[in-house]
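Here's the structure we're looking at; comments come further down.
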Amino acid sequence: LARGIQHTAVRQAHRKYEPNFHDKYGNLVLLGGAAFFTTVWGYVVTQLGIEWGLSPVGRITPREWRE
């Protein structure tokens, strides 16, 4: 049993490292996602005509107090 484990360990140590998907395409996927995110939000902010009412000043009017 020990000899088999030792052979397996030696075999894996001598095996060449093969890059996986993340090693090959990780940065490309990250940059693509960032570009897509920036493009979509750039369009939303500039083209859709949303009124970004972040401040309630001047919008909220007091109502008469009812007793």
Just one of ARG11, ARG59 is part of a loop (DSSP other than H, G, I, E, B) and either exposed (fewer than 10 other Cβ atoms within 10 Å of the Cβ) or modelled with pLDDT under 70 (or both); which is it?
-> ARG59
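Yes or no, residue by residue, for (1) among the basic types (Lys, Arg); (2) modelled with pLDDT under 75; (3) open to solvent by 100 Å² or more (accessible area, probe 1.4 Å):
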residue: ARG15; (1), (2), (3): yes, yes, yes
residue: GLU18; (1), (2), (3): no, no, yes
residue: LYS24; (1), (2), (3): yes, no, yes
residue: GLY32; (1), (2), (3): no, no, no
residue: ALA35; (1), (2), (3): no, no, no
residue: TRP41; (1), (2), (3): no, no, yes
residue: GLU51; (1), (2), (3): no, yes, yes
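The values are calculated or read from the model by the stated rules, or taken from the named source; none is laboratory data. Source: prediction; values computed, not measured. Virtual Cβ from ideal backbone geometry, glycine too; neighbours counted across all protein chains shown. Note: accessible area is taken over every heavy atom of the protein model, side chains too, but ligands, DNA and RNA are not part of it. Shrake-Rupley method; radii C 1.70, N 1.55, O 1.52, S 1.80 Å.
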